[in-house]
Amino acid sequence: LIQLYIPLNFMGTVYREIKQATLDIEQMFSLIGRDPEIQDRPGAPALDVHAGTVTFEDVHFAYVPERPILRGVSFEVPAGKTIAIVGPSGAGKSTISRLLFRFYEPQRGRILIDGQDIAAVQQVSLRSAIGMVPQDTVLFNDTIEYNLRYGRPEATQGEIEEAARLAQIDRFIKSLPEGYQTSVGERGLKLSGGEKQRVAIARTILKGPPVLVLDEATSALDSFTEKEIQDALDRVSEGRTTLVIAHRLSTVVNADEIIVLDKGVIVERGHHRDLLAADGVYAALWNRQRQVDEAKATLQRATQEE
Ligand code: ATP
């Protein structure tokens with residue numbers, strides 16, 4: 001029993017610490033999957049974001065020396081534009097977002113925001129400039145309002161409701177018996193994956209970061225929910241520098257540039273139409289995805305008809 005108690009007790013402490021801290025949601029992600037040795041350099045200045053241009057310059061990275069994950073990746077996300085990273089599973093897509101948050105550091109090359117090397121600035125300032133809509137949103141055992149307000153603790157009720165409206169979750173919240181005061185999470189109402197993602201989008205709208213990372217869900221949502229989420233994502237990314245980590249390709253069609261990563265190297269780049277016409281890696285990924293989606297839709301129809 002003691003063996004079980006200690007980890008549970010530890011988790012409780014971690015949970016309480018997370019909950020008490022009025023830190024940012026990204027801070028919570030930083031507790032998992034990061035290199036603990038990354039420290040601010042003495043006297044590091046705060047990141048000064050004016051336009052929000054993100055640049056990867058010849059980035060090389062390996063979690064363990066014998067297995068390179070990124071091998072000389074260079075790209076720029078111009079201020080206010082959207083770049084999508086696509087590629088087969090394990091290509092290194094999510095690693096790019098972890099490096100941008102500086103959860104890990106490249107072994108070679110640099111990552112810059114508005115010309116400032118992110119390795120040389122305070123981590124807190126870096127993370128407060130970046131908003132993240134993750135694949136799986138963590139909700140606190142608290143009210144919906146608390147979960148939304150987390151994006152910006154000083155937000156007014158009006159601002160919270162406006163963010164929920166833009167994220168297309170307000171009508172759902174208002175339909176609940178206790179509205180914004182409804183408890184959610186483990187001990188309250190369970191939200192679906194799509195609803196949780198919209199809560200995350202509303203939080204990010206409240207936070208209003210100049211740079212945005214969207215980690216597209218791996219799991220398929222039904223096409224109605226997917227469309228609603230897509231609309232909400234389009235709103236939140238409007239006018240912000242956006243990096244889409246696309247595991248499914250549904251969000252990439254309108255990206256200003258698509259970067260195709262394979263085994264840690266950029267193998268193709270361009271707009272959706274041009275990449276389809278080029279008939280290379282992207283076109284193959286796209287066609288395979290379509291076949292899978294069509295097969296799923298056929299299966300769904302068959303089960304509904306039964
Ligand atoms: P997917 O589309 O399946 O999510 P991805 O392109 O996002 O894949 P990454 O998550 O960037 O892939 O992972 C790239 C490679 O790095 C994978 O082979 C993965 O196993 C490995 N990897 C990821 N995290 C770690 C880690 N913390 N330690 C060691 N290897 C890791």
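The values are calculated or read from the model by the stated rules, or taken from the named source; none is laboratory data. Computed from a prediction, not measured in an experiment: that's the story for all the values here. Cβ placement follows ideal geometry from the backbone for every residue including glycine, while neighbour counts extend to all protein chains displayed. These area figures cover heavy atoms from the full protein model, side chains too; ligands, DNA and RNA do not enter into them. Shrake-Rupley method; radii C 1.70, N 1.55, O 1.52, S 1.80 Å.
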query = Under a straight-distance cross-link criterion of Cα-Cα below 18 Å, which lysines are reachable from K207, leaving out those fewer than 8 residues away in the same chain?
reply = K19, K196
request  = Sum -39500 (n - 2.57) across every DSSP H segment of at least 4 residues in the chain, then divide by the residue count to get the 222 nm mean residue ellipticity, nearest 500.
outcome  = -12000 deg cm²/dmol
note = Carbon and sulfur atoms account, in whole percent of the 1.4 Å probe accessible area of segment 169-306, for 50
ask   = Which lysines does K296 reach when only Cα atoms under 18 Å apart count, and residues fewer than 8 places away in its own chain are ignored?
value = K227
note = Expected vector for segment 129-144, Karplus 3J(HN,Hα) from phi with 6.51, -1.76, 1.60 and θ = phi - 60°, integer Hz, x for Gly and Pro, equals 7, 10, x, 10, 9, x, 4, 10, 7, 8, 10, 7, 6, 7, 6, 4
query = How about K263: which lysines have a C-alpha closer than 25 Å to its C-alpha, ignoring those fewer than 8 places off in the same chain?
reply = K93
Accessible surface, the chain, averaged per residue in Å² (probe 1.4 Å) = 52
remark   = Hydrophobic long helices for the chain, i.e. whole DSSP H runs reaching 24 angstrom or more by Cα along the axis with Kyte-Doolittle mean at least -1.0, come out as 2-20, 281-305
ask   = If the chain between D40 and E294 were fully stretched, how many nm would it gain, using 0.36 nm times the residue separation less the Cα-Cα distance?
value = 86.6 nm
ask   = T82: net charge of surrounding residues, Cβ under 10 Å, Lys/Arg +1, Asp/Glu -1, itself excluded?
value = -2
ask   = At a 1.4 Å probe radius, carbon and sulfur cover how many percent of the accessible area of segment 29-158?
value = 51
remark   = For the K190, A120 Cβ pair and Förster radius 51 Å, calculated FRET efficiency rounded to 0.05 is 0.75
query = What net charge is computed for the residues neighbouring A255, neighbours being all others with C-beta under 15 Å from the C-beta of A255, Lys and Arg scored +1, Asp and Glu -1?
reply = -3
